[in-house]
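K.L.:
Questions regarding the structure given below will be posed in turn.
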Amino acid sequence: MKKIVAALVALMAIPVVVGGAASGAMAPRPIDSEALDDIPPDYAQLYLEAASHFDFGWQLLAAVGKVECDHGRGDCYHPNHAGAMGPMQFMPGTWPAYRTASGQPPYDVYDPRDAIFAAAAKLSADGIRTLPRAALFSYNRSEAYVDEVLDWAVRYGWISGDARALAQAVLSHPHIELRPDARADLEAGLVDQRVLAALLRLAVDHRLRAVGPFVSGHSVYVKGTTRVSNHAVGRAVDIPIVNGHPVSASNVAARAAAESLVRLPPQLRPDELGGPWHFSVSGVSSFTKNHHTHIHIGYSP
């Protein structure tokens with residue numbers, strides 16, 4: 001792994017937020033190392049400095065920089081058709097209000113440091129810490145733009161209590177293919193955020209196919225019992241295909257995926273883990289009965 005990944009990971013010392021509350025403990029983030037490697041080192045340093053100065057996650061600022069001008073590598077060094085300028089694509093009417101944020105005159109919209117600090121100042125002023133979607137929409141008034149930025153932020157390691165942001169990250173992730181009924185459940189807001197965070201973490205290292213069901217398509221009760229299944233309330237998911245192969249006792253990648261789940265910190269570790277293998281982990285109910293062809297991930301209330 002390249003030096004930039006190590007540097008960024010080392011500096012991500014902020015609590016993960018799941019379910020709207022800070023966990024208080026550090027947790028692995030669903031980091032896409034290739035995405036991090038793609039950030040030029042000088043831009044990575046500026047994102048870290050600027051976001052730290054304005055007290056919000058650098059991943060969000062870096063994601064804006066990625067979408068706006070591919071971290072300064074796009075065609076952004078002259079006004080575009082709408083008049084936007086520079087690596088963070090400021091409009092002429094917006095730039096003056098934030099141009100001095102870097103504190104290092106002369107201020108130039110085409111200078112990466114000035115532009116990135118100005119973008120951080122605007123996002124901060126618009127409430128990025130507590131209302132990330134609203135702040136991003138204020139930056140560029142397009143819901144599709146907001147979704148794209150949040151997707152990149154998650155790839156860089158950002159996890160938020162914003163359920164819609166997590167859902168969109170799963171829906172758009174190239175390594176997660178959902179069954180139609182599972183997609184519908186997710187779009188309807190029926191899925192627990194811990195389930196989504198687990199899928200995003202798995203998708204960093206594995207390709208997940210035919211994912212589901214979440215709720216629809218699964219019985220209300222655990223098979224052979226009168227106990228209500230976690231599926232019925234959106235707290236579970238099944239994964240039948242990992243890295244292009246059906247889950248089975250001999251699928252090495254699938255077993256590695258399951259093992260990675262039991263190593264998650266307590267706030268993200270599943271309470272239920274079904275599959276062809278049994279794991280002895282405190283606090284995790286591991287079972288194989290009726291689960292020889294898929295990985296089951298479930299959470300208690």
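Values quoted throughout were computed directly from the atomic coordinates according to the rules given, and no laboratory measurement underlies them. Computed from a prediction, not measured in an experiment: that's the story for all the values here. All Cβ positions, even for glycine, are placed from backbone atoms using ideal geometry, and neighbour counts span all protein chains on display.
K.L.:
Rounded to the nearest 0.05, what FRET efficiency do residue 222 and residue 73 have when you use their Cβ-Cβ distance and R0 = 51 Å? Intermediate values should be presented prior to the final figure.
P.N.:
Values: r = 52 Å, r/R0 = 1.02.
E(calc), rounded to 0.05, equals 0.50.
K.L.:
At a threshold of 8 angstrom on Cα-Cα distance, excluding pairs fewer than six apart, so keeping six or more, what relative contact order does the chain reach in percent?
P.N.:
Reported relative contact order: 14 percent.
K.L.:
Roughly how many debye, to the nearest 20, is the charge dipole of the chain about its Cα centre, given +1 on each Lys and Arg Cβ, -1 on each Asp and Glu Cβ, and no other charges? Present the calculation step by step, with values, prior to reporting the outcome.
P.N.:
Details: 26 positive and 29 negative charges, 192 e Å.
Here the size comes out at about 920 debye.
K.L.:
Put +1 on the Cβ of each Lys and Arg and -1 on the Cβ of each Asp and Glu in the chain; which of 138, 87, 282 then has its Cα farthest toward the positive end of the dipole?
P.N.:
282
K.L.:
Grab the Cα-Cα distance for residue 34 and residue 81, subtract it from 0.36 nm times how many residues apart they are, and report the gain in nm with one decimal.
P.N.:
On the way: separation 47, 0.36 × 47 = 16.92 nm, distance 3.14 nm.
Length difference between fully extended and current span is 13.8 nm.
K.L.:
Give the shape of the chain as rounded, prolate or oblate, defined through the alpha-carbon gyration tensor: a ≥ b ≥ c are the square roots of its eigenvalues, a/c under 1.5 means rounded, and otherwise the shape is prolate if a/b is larger than b/c and oblate if not.
P.N.:
Judged from the Cα gyration tensor, the chain comes out prolate (a/c at least 1.5, a/b above b/c).
K.L.:
Sequence-distant or interchain residues sharing an amide H contact under 5 Å with residue 247, placed H: which?
P.N.:
The list, which skips near neighbours in sequence, is 241, 242.
K.L.:
Pick from 65, 74, 86: which residue has the top mean-square fluctuation in a GNM of the chain where Cα pairs under 10 Å get a spring?
P.N.:
Maximum among the listed residues: 74.
K.L.:
Same structure again: Report the FRET efficiency, 1/(1 + (r/R0)^6), for residue 108 and residue 210, where r is their Cβ-Cβ distance and R0 is 45 Å, rounded to 0.05.
P.N.:
Computed FRET efficiency for residue 108 and residue 210 comes out at 0.35.
K.L.:
Before rounding to the nearest 500, sum -39500 (n - 2.57) across all DSSP H runs of length at least 4 in the chain and divide by the residue total; then give [θ] at 222 nm in deg cm²/dmol.
P.N.:
-11500 deg cm²/dmol
K.L.:
Can you work out the FRET efficiency for the pair residue 143 and residue 177, with r the C-beta to C-beta distance and R0 = 22 Å, to the nearest 0.05?
P.N.:
Working: r = 23 Å, r/R0 = 1.05.
Computed FRET efficiency for residue 143 and residue 177 comes out at 0.45.
K.L.:
With each label point set 7 Å from Cα along the Cα-Cβ vector, what nm distance links residue 243 and residue 131?
P.N.:
4.5
K.L.:
Using a 7 Å offset from the Cα along the Cα-to-Cβ direction at both residue 232 and residue 188, what is the distance between the two label points in nm, to one decimal?
P.N.:
So the label points at residue 232 and residue 188 sit 1.6 nm apart.
K.L.:
Full extension from residue 287 to residue 252: what is 0.36 nm times the residue separation minus their Cα-Cα distance, to one decimal in nm? Display every interim value, and only then the final one.
P.N.:
Numbers: separation 35, 0.36 × 35 = 12.60 nm, distance 1.79 nm.
The span from residue 287 to residue 252 would gain 10.8 nm if fully extended.
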